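One structure is given here, and the rest of the page talks about it.
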Amino acid sequence: DDSRLTALYSLAVTERLLYLGTSQGVVAYDKKTSKASFVYRQSAQFSATTNDLLIDSKFRLWFAINNFPVSYSLETAELTYYTYNINHFQSESSVISNIFYEDKEGRIWLGTNGYGLLLLNERTKSFNYEENFLQLRDKSIMAIAETKQNNMLITTIQALYIFNPLEKSLSKQEYRNGFPLKAMVKRGLYVSQAGDIYVGGIPTMVVYQE
């Protein structure tokens, strides 16, 4: 049954449409008409880490197809394919794309599984390492957020990193050095309007301020 979706992994929403990352592909659900259609459908199953959805300020829906980043224009329905410049030593079936993030300056970041944090070059349509984050290039990126002081927060599986853009410094907090979480969860970062920073992980969630 084409209308029956066996698993849901991610959501993105506009005023009228709800985009769902499912086990069969990316589905657009019209909240007004209650009708659904595929934005992209693939034969192989999506995994929970592959199918992350993000709608950016240029009205592009980001996700991954066959392990490569893709944007779908919400205005023209055009798919654009991107590459990344990494040394891929794992098997071809290994999941690389993990999460997408748009920062306050409108730049698109790709958090990978085991290859660190990559920044989009719009001109070349490729994701590349950024010199301030080379320390993370063998890490799995779980979540990204920005604080009211414009610091960037990045979680890996076992640590929270804080990047100060003015000082160009990257500091690290982890369990063995007194941080209360042993492991972080995917998309487990949130900064409230009041500036409170929420970090989700194991065994609990912590809240703190800058």
Legend entry - Failed item in (1) part of a loop (DSSP other than H, G, I, E, B); (2) in contact with a Gly (Cβ under 8 Å, 6 or more places away or on another chain), with Glu167 passing the rest: (2)
Inset, instruction - Determine, yes or no, whether Glu146 is out of contact with any Gly (no Cβ under 8 Å at 6 or more places or on another chain), within 20 Å of Tyr9 (Cα to Cα), at pLDDT 95 or above and open to solvent by 10 Å² or more (accessible area, probe 1.4 Å). - result: no
Legend entry - Every residue from region 28-43 that is within 18 Å of Phe59 (Cβ to Cβ) and either of a type in the set (Val, Ile, Thr) or touching a helix residue (DSSP H, G or I) at 6+ places or on another chain (Cβ under 7 Å) (or both): Val39
Legend entry - Selected residue (only one of Leu166, Leu170, Leu120, Leu181 is of a type in the set (A, V, I, L, M) and within 19 Å of the chain's Cα centre (by Cα)): Leu120
Inset, instruction - Provide a single number: the residues in region 144-164 that are part of a strand (DSSP E or B) and within 24 Å of Lys186 (Cβ to Cβ). - result: 13
Legend entry - Candidates Glu102, Glu75 - the one that is open to solvent by 30 Å² or more (accessible area, probe 1.4 Å), over 18 Å from Arg187 (Cβ atoms) and modelled with pLDDT of 95 or more: Glu75
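The values are calculated or read from the model by the stated rules, or taken from the named source; none is laboratory data. Quick caveat: nothing in here was measured; it's all calculated off a predicted structure. Counting neighbours? That spans all protein chains shown, and the Cβs are built from the backbone with ideal geometry, glycine included. Remember, those area values only see protein heavy atoms, side chains included, never the ligands or the DNA or RNA. Shrake-Rupley method; radii C 1.70, N 1.55, O 1.52, S 1.80 Å.
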